[in-house]
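None of the figures in this text is laboratory data; all of them are computed from the coordinates on show. Because the structure is a prediction, the values reported are computed rather than measured. Cβ: placed from backbone, ideal geometry, glycine included. Neighbour counts: every protein chain shown.
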Amino acid sequence: MFKVRNDEPRYAFLSDKHHNEKNIYGKSIQLVDENHPLAGKSLNINGDASIGDNPNRYKQHGFHFTADNCIGCHACEAACSEKNDNPAHIAFRSVGYVEGGTYPAFKRLNISMACNHCDNPVCLKGCPTRAYTKFAEYGAVLQDSDICFGCGYCTWVCPYNAPQLDPVKGQVSKCNMCVDRLEVGLKPACVSACLGNALNFGVVENLPENREQAKTEIPGFPRTDITNPNIRFQQTRTLPEEMTRTDSMAVKYHKDKKSGKYEPVVDKKKGLERHWNFKKLRSREDPLVIFTLVSQAVIGAFLLMFLGNLMGIEALQQLVDSSAYLPMLFVMLAVESFALFLSTMHLGKPHRFYRAFNNLRYSPVSREIAGIAVFFNSLGAHFLASLFDFELAQQAAIFFAYAAAISGPVAIYFMHKIYRIEARPYWNHWQVLTAFYGNMLTLGALFTGLVFVPYMLMNNQPVAGLLQIIALVMVAGMLVEGFGHHCHAKYLNVKGREGAVSYYEQVTTYGKTYLLRNTLLVINILLAAVLAFNQGESITVLALWGLLAVSVVFMALIGRAMFYVMVVPTTMPGAFFWKNKGFEEHARETGLANAVQAGVIADIH
């Protein structure tokens, strides 16, 4: 338990004497009854088995932030980091700000934010290792770093940037509501340290002393309907109709005259000039670029052979019956093994990869990994069974072929579900599904051709029939992908908010690269269509096929890299230096990141 000082000031103690039955979202504030089996148990804080005597122990607590009072001193940040022994690059609570107006009517609004211990914690449902738990005690959402294996998915799904991925330790950690202080009747450390009396804490919906508002939104605060956060605001000062961010994110907040709420819109602070920015396509998610593309290619190649053989397509039946079929399966297993290795090493703690299956009930990450595991093992079992000629082995080979053919597309479906995140509007569109399945067709057909066509040419076998089928499948895949891209671009502009900001980044920061990807897509569709109706096997035709193969792979790589780097999350505004992506890039380029106090480190783990 936390030790209470003899001279602890009065404002540091919890003082809720009453509470409402329901919160603003209609949820019960009393989380469990006093006679519930969960009640009366110790939280075992630091191994202490004692139980706090707080009378409101089983009621939902939350923060109250009076924006009018915040002076941006960062005392709350310092107190939180000191209590949790955080390094300079990790902050459970951070202060950012938005500003608007012109002199002399310039206004600045500071926002202090940590975990909001939401009614619907998406971090809990998204985490594949089940490292998160929402406790009946105080409604605290707690995370166990020892269980976490550092995939960082919770940092994607949280709209408020509360979970913090430490690339040094390879794990996530976050605000724990200072439950050790709550158990002895004290408010969290950040609240007790606040100089301006801006932060307060208690049973949710209870107004602190001398407060008159308990709003759920202020300018710069993301949507509340995603998670129903347990934080309330007071902000009474008149603000300009437009508030801007000082960080590099191209977002500003415009006041809707009907609702009176500030909605995120595009801030064209970077101008309209198109750039290449190939260097910026590199990110921490590079292993996922390879993993997703390779997995889709391997699944697509197997489906092409399996379904082609099943449907009696002669050119594909010849592949399955040829002596190159087993080597092809071996190559597929080897390539997919490499992709799985990259995906595993992408984790902060790769040796704990087995924990990925802990949350199959809720986490799309767990389901994707399970789907890929079933496909990979079914493919491996099919390969091993195909090595033998006796009847039982052949029957097993057929069974596992069906298992792989079913589990592969299912795995890609779950793979796409990972990215359907409310907090990342750029991803939250069915275009992800068309892109993944489109790549499955395109890259799967190409993969099949790259292995079998050289084999057939060396054995003086005709390849025109196979190439025609491969070209038709590739055209279908690229048309599916292109249709999704077209609808996605229209959707982002119509939907607005952070999605429109991602589109702005797409056509400016990566404008030339985006144009190149789209141009290559059109050219590749046309070239594949021409080759589909060309029965020749001349050197010119084969050279065009080589050009198409290189172009498709290059297009897929830059397209998938852009998919990861162009996301604009619904996150809190940063400051000019702290939580500012632009400053972080500058610090890494200039060497400033070598100074620990800068709070910036390389994207490593």
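Taking amide H positions as modeled 1.01 Å from N, with prolines and chain starts lacking one, the residues under 5 Å from LYS59 and 5 or more places away or on another chain are LEU31, TYR138. Counting other Cβ atoms within 10 Å, which GluC sites (Glu not before Pro) in segment 178-211 have at most 12 and lie in a DSSP loop? Of the GluC sites (Glu not before Pro), the ones in loops of segment 178-211 whose Cβ has at most 12 other Cβ atoms within 10 Å are GLU209. Restricted to Cα atoms, segment 279-565 shows a radius of gyration and a Dmax of 19.5, 62 angstrom.
Taking the convex hull of the Cα atoms, report for segment 17-266 its projected area averaged over all directions, in nm².
Details: hull surface 58.1 nm².
Computed as one quarter of the Cα hull surface, the answer is 14.5 nm².
Projecting label points 7 angstrom from Cα along Cα→Cβ for TRP430 and GLN535 puts them 3.9 nm apart. The packing ranking of peptides 256-267, 475-486, highest mean first, is 475-486, 256-267, where packing means the average number of other beta carbon atoms within 10 angstrom of each residue.
Here the sum of -39500 (n - 2.57) over DSSP H runs of 4 or more residues, divided by the residues of the chain, equals -14500 deg cm²/dmol at 222 nm, to the nearest 500. For segment 320-418, the list of chymotrypsin sites (Phe, Trp or Tyr not before Pro) that fall in a loop by DSSP and count at most 13 other C-beta atoms within 10 angstrom reads PHE388, PHE390.
Full extension of the chain between HIS89 and GLU212 yields a length gain of 40.7 nm, computed as 0.36 nm times the residue separation minus the alpha carbon distance.
Sorted from greatest to least, the principal axis extents spanned by the alpha carbons of segment 404-529 come out as 58, 34, 18 Å.
Each residue of segment 79-85 was assigned a 3J(HN,Hα) from its phi angle through the Karplus expression (A = 6.51, B = -1.76, C = 1.60, θ = phi - 60°), giving 5, 5, 5, 5, 5, 9, 6 Hz with x at Gly and Pro. Residue-wise HN-Hα couplings along segment 55-60, as the Karplus relation 6.51 cos²θ - 1.76 cosθ + 1.60 with θ = phi - 60° gives them from phi, are x, 9, 4, 10, 10, 5 Hz; Gly and Pro carry x.
Taking R0 as 22 Å, what FRET efficiency do you get between SER259 and LYS495 from their Cβ-Cβ distance, rounded to the nearest 0.05? Intermediate values should be presented prior to the final figure.
Working: r = 17 Å, r/R0 = 0.76.
Taking R0 as 22 Å, the efficiency between SER259 and LYS495 is 0.85.
The simple spin-label model puts a point 7 Å past each Cα toward its Cβ; for HIS36 and HIS486 those points are separated by 5.2 nm. 3J(HN,Hα) along segment 454-465, derived from phi through the Karplus expression 6.51 cos²θ - 1.76 cosθ + 1.60 where θ = phi - 60°, amounts to x, 4, 5, 5, 5, 9, 6, 9, x, 10, 4, x Hz, with x in place of Gly and Pro.
For segment 221-317, the calculated P(r), taken from all Cα-Cα distances in 10 Å bins from zero up to the bin holding the longest distance, is 11, 20, 20, 18, 15, 11, 4, 1 percent. Binning the alpha carbon pair distances of segment 377-461 at 5 angstrom intervals from zero yields the distribution 3, 13, 13, 14, 16, 16, 11, 7, 4, 2, 1, expressed in whole percent.
Out of the trypsin sites (Lys or Arg not before Pro) in segment 419-516, which ones are loop residues according to DSSP with at most 14 other C-beta atoms within 10 Å? Those that pass, being in a loop and sparsely packed, are ARG420. Packing order of peptides 133-139, 61-67, 314-320, highest average first: 61-67, 133-139, 314-320 (average count of other Cβ atoms within 10 Å over each peptide's residues).
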